[in-house]
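Scroll down for the structure; my scribbles are underneath it.
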Amino acid sequence: MVEGANRISVTDVGNGKVYNATVVGYDRTQDVAVLQLSGATGLTTCPVGNSTSVSAGLGVVAVGNANGSGGTPSYAAGTVTATNQTITASDEVDGSSEQLSGLLETNANIVAGDSGGPLVDASGRIIGMDTAASAGFQFENSSTQGYAIPINQATNIAKQIESGTSSSTVHVGPTAFLGVGVRDATNGGSPFGGGSSSGQGAKIVQIVSGGPADQAGLVVGDVITAVNGQRVGSAEALTEAMTTQKPGNSVNVTYQDSSGQQHTVAVVLGSGPSQ
């Protein structure tokens with residue numbers, strides 16, 4: 001998981017070495033990121049299978065770092081129970097939600113910490129990449145099932161990132177930073193208090209002192225409703241709008257203050273952690 005990380009290290013359980021890593025790019029909508037390890041050479045690779053041939057009933061083993069305990073990788077056996085599944089995950093912090101689609105479903109006990117680990121078949125070939133809910137970010141589907149991103153889908157996204165090709169969902173390079181913490185704004189107001197918002201958007205509940213938004217004059221309680229004229233109807237929509245931006249870009253942020261007045265201000269984006 002790279003979201004919010006300012007520093008990343010990777011441990012190779014095969015040779016025991018720890019490498020510093022940087023995020024090359026990521027696709028938030030598919031839960032896939034590509035890391036570049038510093039000074040890593042001659043690493044052993046794993047055999048990769050073909051996820052298009054996977055069907056329900058196939059025996060699998062999910063390998064990962066269950067509960068983030070580190071050390072020897074954990075594993076859980078099971079079978080594929082369905083293919084091409086869609087799940088929704090909700091964030092308890094900002095109220096946003098996102099969908100992951102095209103997933104493999106399994107009854108292997110995939111838990112928080114396993115994300116990014118391989119789902120392998122009986123021959124040890126990787127057919128998927130585990131994905132799991134974490135603290136504060138929960139699946140709205142049955143908690144008795146585990147999910148994995150088909151390996152063909154994951155490798156296609158990885159190749160796109162490695163080629164340097166950005167899209168509306170794939171971000172390549174450093175992440176643009178606005179410097180705000182937001183949650184969904186509704187007509188009923190925010191549970192963080194400070195009055196009610198008169199329209200939907202991304203309500204600022206935290207602002208980084210000296211950050212781009214702070215320097216542009218935005219304050220806690222303002223509701224961001226558009227970026228460069230593109231409507232922002234939720235906290236998730238603001239994150240999506242930032243995905244296509246680069247550090248140093250100047251964007252026009254439209255927002256509504258606590259009195260209901262609308263403003264548009266130019267904000268020069270900084271560089272921040274991955275989304």
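Figures for the structure shown
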read-out: Fluctuation leader among 261, 206, 230 - the chain, Gaussian network, Cα springs under 10 angstrom; value: 261
read-out: Net charge over other residues, Cβ less than 15 angstrom from the Cβ of residue 38 (K, R count +1; D, E count -1); value: +1
read-out: Helix-only mean residue ellipticity at 222 nm for the chain, each DSSP H run of n ≥ 4 adding -39500 (n - 2.57), per residue, nearest 500; value: -2500 deg cm²/dmol
read-out: Point-charge dipole on Cβ atoms (K/R +1, D/E -1) for the chain, about Cα centre, debye to 20; value: 460
read-out: Ascending count of other beta-carbon atoms within 10 Å, so fewest first, for 129, 242; value: 242, 129
read-out: Burial ordering of 131, 11, fewest other beta-carbon atoms within 10 Å first; value: 11, 131
read-out: Qualifying GluC sites (Glu not before Pro) for the stretch 13-122 [loop in DSSP, other Cβ within 10 Å: at most 12]; value: 92
read-out: Sorted by Cβ density within 10 Å, fewest first, the residues 13, 48, 253, 111; value: 13, 48, 111, 253
read-out: For the chain, the fraction of alpha-carbon pairs in successive 5 Å shells from zero, as %; value: 1, 6, 11, 15, 16, 15, 12, 9, 7, 5, 2, 1, 0
read-out: Value in Å of the Kirkwood radius, where the stretch 174-272 supplies the Cα pairs that are averaged; value: 13.0
read-out: The chain: most fluctuating residue of 35, 100, 58 per GNM, C-alpha cutoff 10 Å; value: 58
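Throughout, read-outs are computed from the coordinates displayed, never taken from laboratory work. Computed from a prediction, not measured in an experiment: that's the story for all the values here. Backbone-built Cβ (ideal geometry, glycine too); neighbour counts: all protein chains shown.
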